[in-house]
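The structure appears below as structure tokens.
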Amino acid sequence: MKCVYCDRQMTTKLKNYPYETKELGMITIPDVEFYACTRRNCNNELLSEKEAMRVDSIIDEKIREAVNNLPIGQFIDLNETAEILGKTKQAISKSKRIKRGFIYSVEISKKKLYYKPSVEAFGKDGDGRILISDTAPESAYILPDELIQSLHVTAEIAFVDDSRCAEISYPKWGEQTTQDIHSTTHPQFPNQGKARAEGTVH
């Protein structure tokens, strides 16, 4: 293969490939194979179509994982999302941009929830793909009571320091089977101590 800029031969190389995303900022994709121009100072690099698809797949998975790890207490249901955006629920459900991920969303117990900061950003400029941060207040990790009821989640929840335990290990997003749940200490709040929570997600 020849370089399109200087007509020199290109050779294959392997490296950890830096990539900047709107959702995660700068990330590194390990062991990416690419073509590099052999001419000094040309600096032309090219991914094959197959490798580009693999990189895109890795990035999509990293974004999905980051969205799934967002604080559960900051997700809202379709009714509140429609109210914030001033749209009908049907319009939101059919929106091609929202389906493409321009608002962060998860699904639990067959019900779709939307990340409120992403909804608010989408309402301003039509793009809710805000930078996903690792920091959030402790209260953000608590599922609101009204959502617990609407999602048919039942649990006996122990209290620690007059507040509900920071994390209840609900099923992973998208799982639709009934299973037991148990709470553990959230890694961001190790001083909260452990609490017990047992219940069922229907």
Ranked by how many other beta carbons lie within 10 Å on average, peptides 68-74, 122-128 from highest: 68-74, 122-128
Just to check I understand the Karplus step: with θ = phi - 60° and J = 6.51 cos²θ - 1.76 cosθ + 1.60, what whole-Hz values come out for region 52-67, glycine and proline as x? 5, 5, 5, 4, 4, 5, 5, 5, 4, 5, 5, 5, 4, 5, 5, 5
With +1 on the Cβ of every Lys and Arg and -1 on the Cβ of every Asp and Glu, the dipole magnitude of region 10-68 about its Cα centre, in debye rounded to the nearest 20, is 320
How about region 1-73: which chymotrypsin sites (Phe, Trp or Tyr not before Pro) there are in a DSSP loop, with at most 12 other Cβ atoms within 10 Å of their Cβ? Tyr5
Work through the residues other than Ile29 whose Cβ is under 12 Å from its Cβ and net out their charges, Lys, Arg +1 and Asp, Glu -1. -4
For Lys124 paired with Leu46, estimate the spin-label separation in nm (one decimal), with each label point 7 Å from Cα along the Cα-to-Cβ line. 4.0
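Around Arg39, what is the net charge, scoring Lys/Arg as +1 and Asp/Glu as -1 over all other residues with Cβ under 15 Å from its Cβ?
Net local charge, Arg39 excluded: +2.
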Which of the lysines could be linked to Lys111 by a straight reach, that is with a Cα gap under 26 Å, when you skip same-chain ones fewer than 8 residues away? Lys62, Lys87, Lys89, Lys94, Lys96, Lys99, Lys124, Lys172
Taking a virtual spin label 7 Å from the Cα of Glu65 along the C-beta vector, which residues in region 10-46 bring their backbone nitrogen under 18 Å of it? 16-32
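Every read-out reported here was derived from the displayed coordinates using simple, explicitly stated rules and does not represent laboratory data. Here the structure is a predicted model, which means the values were calculated and not measured. Heads up, the Cβs are rebuilt from the backbone with ideal geometry, glycines too, and the neighbour counts pull from every protein chain shown.
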